[in-house]
1. Residues of the range 246-272 being in a strand (DSSP E or B), over 18 Å from residue 285 (Cβ atoms) and either β-branched (Val, Ile, Thr) or out of contact with any Leu (no Cβ under 9 Å at 6 or more places or on another chain) (or both), which ones?
2. Mind listing whichever residues of the range 240-267 are surrounded by 16 or more Cβ atoms within 10 Å (Cβ to Cβ) and basic (Lys, Arg)?
3. Would you tally the residues in the range 62-91 being surrounded by 15 or more Cβ atoms within 10 Å (Cβ to Cβ) and under 18 Å from the mean Cα position of the chain (by Cα)?
4. Looking at the range 33-48, can you tell me whether even one residue there is modelled with pLDDT under 70 and either more than 16 Å from residue 277 (Cα to Cα) or loosely packed, with under 11 Cβ neighbours inside 10 Å (or both)?
5. What is the residue count in the range 98-127 for residues that are touching a helix residue (DSSP H, G or I) at 6+ places or on another chain (Cβ under 9 Å) and hydrophobic (A, V, I, L, M, F, W, C)?
6. For the range 279-329, give me each residue that is open to solvent by less than 40 Å² (accessible area, probe 1.4 Å) and touching a His at 6+ places or on another chain (Cβ under 7 Å).
7. Tell me whether the range 137-149 contains one or more residues that are modelled with pLDDT of 95 or more and in a loop (DSSP other than H, G, I, E, B).
Amino acid sequence: MAFSTKEKLLLMLSASSLLFGTTILTYRQTIYYNILNSQLVIEEGTAAYNAWVKTPIPVYTKFYFFDMINPAAFHNHEKPILEERGPYTFREDEMKVNLTWHNNGTISYRRMKFWYFEREMSVGPLTDEVTTINVPAVGAAEFGRGDLFMEWGISDMLSTIEAQLFINETIGELLFDGYDDLIMDMSKRLNVQEEEEEFYDFEADSEDESISPIGKFGWFCQRNGTSWSDGDLSMHTGVEDMSLLGNIASWNNRNRTEAYPGDCGTVRGSSDGLFPPGLASSKDSISIFSTDLCRPLHFTRSGMQEVHGVEVEKFVLAVTNFANSSVCPENDCYNNNIPSGVQNLTQCKEKS
């Protein structure tokens with residue numbers, strides 16, 4: 001029986017469709033994961049890269065302060081009365097800058113952050129005033145602890161400038177603007193800036209020539225719109241090994257920090273909250289490295305939650321993160337010999 005040209009073409013098309021369908025059914029899972037992984041790696045043009053290089057979802061940071069109501073009475077050994085003030089909410093925008101790709105499947109970068117005050121989400125304006133501890137004075141006193149000559153010198157200096165234990169400043173000054181402080185001014189004049197740059201272990205950009213304005217102190221002074229504060233980060237892109245996606249490779253060109261001894265000083269965890277596909281459903285805990293704390297923060301699974309109609313795995317901050325060694329022996333190398341719930345950052349921020 002002879003087939004016409006049209007019938008032959010139809011037969012070939014049917015056979016091709018059958019072969020294609022069989023291939024798709026046989027390798028559908030492999031094809032699916034190949035397509036998925038191609039968009040999850042941090043590589044220019046992928047969906048993951050576009051979301052990572054400039055965060056598309058607004059992130060809000062809420063700041064709280066404790067207002068010292070009775071500072072004078074406290075000096076007379078009375079119990080301090082504290083009033084919580086907050087939140088003072090800022091919207092945080094972040095972008096990755098100074099991107100450098102490496103042949104080993106990692107990328108080096110810095111984070112440039114911008115904070116915008118959200119008055120409608122805050123209890124008051126940034127001109128609100130609070131009475132709080134004088135951090136430069138207390139920090140100077142702590143710096144000289146244990147050295148008799150240093151203690152005498154700092155005590156004389158604090159007495160000369162009539163430093164007070166508590167200061168009254170606006171929220172804006174305490175956060176990003178900074179306020180004039182004689183101790184900070186003196187430290188700058190003594191060229192402490194050079195030591196601070198060695199601690200952060202990276203060269204400042206032209207716009208980052210100083211870590212804080214001369215003579216000023218603020219918790220986030222000169223961080224807004226700059227990239228120096230988080231240091232140099234290196235992260236696995238997933239190109240060489242998808243199981244390493246998002247893992248921090250180094251911080252300030254090192255794979256450990258001298259802030260803590262032993263295992264506590266290892267730089268590990270996710271660099272920016274990126275994880276390999278499937279990790280959240282297969283692990284009961286995840287870790288994110290915090291440059292502000294010089295250590296990873298651990299999160300434990302707390303169940304499922306619906307977000308915008310999508311079911312997601314929910315992880316919460318583990319209760320053991322800031323537990324002292326009597327509660328969590330693994331935290332002994334963090335030198336947290338203080339009540340649980342507080343982190344000792346003396347070594348992490350010793351020269352800040």
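1. Going residue by residue through the range 246-272, those that are in a strand (DSSP E or B) are 247-251, 254, 256, 266, 270.
Checking which are over 18 Å from residue 285 (Cβ atoms) leaves us with 249-251, 254, 256.
Across the range 246-272, the qualifying residues are 254, 256.
2. Going through the range 240-267, the residues surrounded by 16 or more Cβ atoms within 10 Å (Cβ to Cβ) turn out to be 242, 244-252, 256-257, 259-260, 264-265, 267.
If the condition is that a residue be surrounded by 16 or more Cβ atoms within 10 Å (Cβ to Cβ) and basic (Lys, Arg), then 256 is the only one that fits.
3. Of the residues in the range 62-91, 3 are surrounded by 15 or more Cβ atoms within 10 Å (Cβ to Cβ) and under 18 Å from the mean Cα position of the chain (by Cα).
4. yes
5. The number of residues fulfilling the criteria is 4.
6. Correct list: 287, 318, 321.
7. Residues of the range 137-149 that are modelled with pLDDT of 95 or more, as a first pass: none.
Checking the range 137-149: not a single residue is modelled with pLDDT of 95 or more and in a loop (DSSP other than H, G, I, E, B).
Table: residues versus (1) more than 21 Å from residue 346 (Cα to Cα); (2) polar (S, T, N, Q); (3) within 25 Å of the chain's Cα centre (by Cα); (4) open to solvent by less than 30 Å² (accessible area, probe 1.4 Å).
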| site | (1), (2), (3), (4) |
| --- | --- |
| 122 | yes, yes, yes, yes |
| 139 | no, no, yes, no |
| 147 | no, no, no, no |
| 156 | yes, no, no, no |
| 163 | yes, no, no, no |
| 168 | yes, yes, no, no |
| 172 | yes, no, yes, yes |
| 176 | yes, no, yes, yes |
| 183 | no, no, no, yes |
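The values are calculated or read from the model by the stated rules, or taken from the named source; none is laboratory data. Because the structure is a prediction, the values reported are computed rather than measured. Cβ atoms come from the backbone with ideal geometry, glycine included; neighbour counts cover every protein chain shown. We work out accessible area using only protein heavy atoms, side chains counted, and drop any ligands, DNA or RNA first. Shrake-Rupley method; radii C 1.70, N 1.55, O 1.52, S 1.80 Å.
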